[in-house]
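The values are calculated or read from the model by the stated rules, or taken from the named source; none is laboratory data. Quick caveat, the model's predicted, so the values are computed rather than measured. Heads up, the Cβs are rebuilt from the backbone with ideal geometry, glycines too, and the neighbour counts pull from every protein chain shown. These accessible areas exclude ligands, DNA and RNA; they are computed on the full protein's heavy atoms, side chains included. Shrake-Rupley method; radii C 1.70, N 1.55, O 1.52, S 1.80 Å.
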Amino acid sequence: MTFREELQKQRWDDHRYYHHNRINQFLHLLSASCFLISYGLVFFHPAAAALVGWLLAMTLRQTGHFFFEPKTYDEVNKASHDFKERVKVGYNLNRKVVLLSIWALTPAALLLSPDLLGRLSPATDLVGFISNTALIWLFVGLGAVVFRTVHLFKLMGVQSGLVWMTKIFTDPFHDIKIYQKAPYYILKGEMYDTMEDWYDDVPLDQRT
């Protein structure tokens, strides 16, 4: 399988297994827009980029997954939730709980060690504390991507790891492309995607 074919397959599997609910799709659309703003900010104001990325983009995205996406048996794909969790290439819900816990505990870590064991200049006011927290969040996000990528090198091979990393960084662009009609379907009362008319360019042998 070529790099492009595997990227297409990972995207297809991610969509069909974890994005049935239209509200989840809509929240991904909003999240993707926030991530693009974060991408632009990271070159000029990294702390602001991390705040937008974690507090807005990630909160919207994970709200869709944890609260709206069905976790019952998947009739469309003939797969149980446990099966989908096992075959998830990136961060499944259990791994996300660990990652989000690390993210949430960051402020507590700074309260215990304001200079983070000598790695940061201690904050002297609330703005400085928020800025230091945001910078750690930025490295937590990047570190999570690097960690899982290297882990996938071992589990699935170098190409699969690089494909997943590419998917993660380009997801905001792709999400806007594929979920831009989510509000329209919600207004029509179609709350779940049947996957029947989506991703016409996915080869049939990759749809099962």
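Structure notes:
- A cut-off of 5 Å between modelled amide H atoms, ignoring neighbours fewer than 5 places along the same chain, links residue 74 with 79, 80, 81.
- ³J(HN,Hα), Karplus 6.51/-1.76/1.60, whole Hz, each residue of region 101-114, x for Gly, Pro: 5, 4, 4, 5, 7, 4, x, 5, 4, 6, 5, 6, 9, x
- Nearest 10 degrees, 0 to 90: helix 126-156 Cα axis against the chain principal axis: 40
- For Cα Rg over 2.2 N^0.38 Å, calculated from these coordinates, the label among [x] 0.99; [y] 1.10; [z] 1.16: [y]
- Straight-line cross-link reach from residue 9 at under 19 Å between alpha-carbon atoms covers these lysines, not counting any fewer than eight positions away in the same chain: 78, 84, 88, 167, 177.
- Summary of packing: across the peptides 171-178, 147-154, the per-residue average of other C-beta atoms within 10 Å ranks them, highest first, as 171-178, 147-154.
- Compared with the dominant Cα axis of the chain, that is its longest principal axis, helix 3-18 is turned about 90°.
- Rounded to the nearest 10 degrees, the angle from helix 22-41 to the longest Cα principal axis of the chain is 40 degrees.
- The apolar share of the surface of the chain, taken as the fraction of accessible area on carbon and sulfur atoms (1.4 Å probe, ligands and nucleic acids excluded), comes to 68 percent.
- Per-residue [θ]222 nm for the chain (sum of -39500 (n - 2.57) over DSSP H runs n ≥ 4, rounded to 500): -21000 deg cm²/dmol
- Amide H within-cut-off set for residue 192, under 5 Å, with H built and near neighbours excluded: 22
- Accessible area (Å², per residue) of the chain, counting only protein heavy atoms and a probe of 1.4 Å: 56
- Charge sum, other residues only, whose C-beta stays under 12 Å from residue 186's C-beta, Lys/Arg counted +1 and Asp/Glu -1: +1
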